[in-house]
Amino acid sequence: MATAEPTGIGFNVSARVRQGYDDFLRTFSNVLFAVCLFVVWGILTLLGVVIAQGKDGSTYFDLYAAPLARLIVRLGLDNVYHSTAYVGIIGLILLSLAVCTFKRVIPARLPALRPVKVEHLTLHDSFEVPDDPQTVKASVAAFFARRGFLVRKREFNGDEWTFADRHNWARRGVLVAHVGFVIIAAGTAIYWARGFSGDKAILTGQTASIPRTGAALTLRDFQYRIQPIQTKSGMVYQPVDYVSRVRVSGSSDPPHDAVIRVNHPIDVNGTLIYQSSYGFGMQFAVRQYGKPVGGLPPQTLKEGDALTLPQTTRQIQYAQFVPTIDKATGAATADPRISNPGVVLNVFDDGQPVGATLARLGKPVDLGGGFSIVPQRYVLYSGLQYRYDPGIPLVGIGAFVLLAGLCISFYLLPARFYVRVEIAPDGSRVGMAATTVKGSDIFAGEFAALTAALKESRA
């Protein structure tokens, strides 16, 4: 009696679910799909590096053309690492790794014990010995056991096979590397969820608060040291040390003094504060027809800051501090040591550049319309970076696990021998073959040596 084909809504739903599951496995276990995910992740990461993150929207309109600035803001490229797209692509990569691991890696790296057609494998050999099959089987097992192989026996359809594995545990190297990547991703996710970073430029004598830490830093003193080095192409001035002496207050510790150096950060409430740069703030006096101009608040400008002349559309930008101006030529020199300082000023009118000039410290510069500006006094400022990353321990552990997995995968050679002993007219016939996870050529010499040793032991 013929069996009726299953029909109905339930069967259709089950078939569709099964088809969808198969499509999911096929897609996420596809190597090309995983590579595409990594490419997208790399592009998003590169955008996060190229585009300044976490700035005010107006900053991007100052840095880029208006259409590009609008694109950055609307697509959320000003906060790439916390965006849904970035977190989502990381999730897809982890999902793809998991599917590939269980669908491809485990079956390939940890093959089941099953019989093979010995003569069809690249590495194979056979020979006859005068002993009975049971004696030969015991001898083969002992031979491989003495050489550190894991020996297991299985019976298939009445035939007994001997499987000898060397470095069988090393087949899991790729799995270990995958686990390391997952641990790194978890540490990175913790930073996205709870970590933060940023930078501060603090003028000497100024106090600045560090966001989300409850701490404040007062820059008591900043010093830097320049070392001139004579090379074949000329004199090079190498900064060798930046030192910020700060007063830390408002933290969990009592107020205390601290020193921040390059590559020697301080820890404030678990947040590391690094010395990253330095610069020169400048105080200016603005005059009109020789008299001080009112309405301008006293301020110290940093490089890139600008002030607007009262009742005009003219802006003066403090572009650059020049430590040494050549007294003979009046031109800026490459010497960063302060000798005859000045500043580069850019002049704008209604947002359009008008010109630039090099002004000596204490010397007035005529701006037209009766206005003049005098660079009066410079003040050193320290550029500090702060970072709180609770995921660093996990990232370190993950990197170690990943490296261990890669070392296991690249420097160890797991191999499996398949041995079958059959009755022969004059005793027993031994058929054997071997496979590795890295191809046959790399193991051919050792296979030949082991085969010869086994033959000699049974001669």
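Points worth noting:
- LEU345 being closer than 30 Å to THR218 by Cα and modelled with pLDDT of 90 or more: yes
- Condition broken by LEU380, with the remaining ones in (1) hydrophobic (A, V, I, L, M, F, W, C); (2) in a loop (DSSP other than H, G, I, E, B); (3) touching a residue at least 60 places away in the same chain (Cβ under 8 Å) satisfied: (2)
- All positions within the range 354-378 that are of a type in the set (Gly, Ala, Ser) and over 21 Å from THR333 (Cα atoms): GLY368, GLY369, GLY370, SER372
- Residue count for the range 307-339, restricted to those that are crowded, with 16+ Cβ neighbours inside 10 Å, in contact with a Leu (Cβ under 8 Å, 6 or more places away or on another chain) and either farther than 17 Å from GLY279 by Cβ or without any contact (Cβ under 8 Å) to a residue 24 or more places away in the chain (or both): 6
- From the list ILE397, ILE408, the lone residue that is in a helix (DSSP H, G or I) and modelled with pLDDT of 90 or more is ILE397.
- Residues in the range 119-136 that are surrounded by fewer than 17 Cβ atoms within 10 Å (Cβ to Cβ) and in a helix (DSSP H, G or I): 4 in all.
- Where strands (runs of 3 or more DSSP E) fall wholly inside the range 150-214, the ranges with 2 or more residues that are of a type in the set (S, T, N, Q) are 207-210.
- Those residues of the range 173-186 which are more than 20 Å from the chain's Cα centre (by Cα) and either surrounded by fewer than 19 Cβ atoms within 10 Å (Cβ to Cβ) or not assigned by TED's automatic domain parsing to the domain that holds GLY398 (or both), in sequence order: LEU175
- If the condition is being part of a loop (DSSP other than H, G, I, E, B) and free of Cβ contacts under 8 Å to residues at least 60 places away in the same chain, then the range 432-458 contributes LYS438, GLY439.
- Failed condition for ALA334, given (1) closer than 20 Å to VAL286 by Cβ; (2) under 40 Å from the mean Cα position of the chain (by Cα); (3) among the hydrophobic types (A, V, I, L, M, F, W, C): (1)
- Per the listing ALA170, ALA141, ALA216, ALA189, the residue uniquely surrounded by 15 or more Cβ atoms within 10 Å (Cβ to Cβ), free of Cβ contacts under 8 Å to residues at least 24 places away in the same chain and of a type outside the set (Phe, Trp, Tyr) is ALA141.
- Checking each residue of the range 54-71 against the condition of being under 24 Å from ALA189 (Cα atoms), of a type in the set (Val, Ile, Thr) and part of a helix (DSSP H, G or I) gives no match.
- Yes/no for ALA356 being assigned to a strand (DSSP E or B) and modelled with pLDDT of 90 or more: yes
- The range 25-42: number of residues that are without any contact (Cβ under 8 Å) to a residue 12 or more places away in the chain and either within 24 Å of the chain's Cα centre (by Cα) or within 11 Å of SER96 (Cβ to Cβ) (or both): 7
- Only one of the numbered conditions (1) touching a Ser or Thr at 6+ places or on another chain (Cβ under 9 Å); (2) in contact (Cβ under 8 Å) with a residue 40 or more places away in the chain is violated by LEU77, and that is (2).
The values are calculated or read from the model by the stated rules, or taken from the named source; none is laboratory data. Computed from a predicted model, the values in this text were never measured in an experiment. Please note: Cβ atoms are built from the backbone with ideal geometry, for glycine as well, and neighbour counts cover all protein chains shown.
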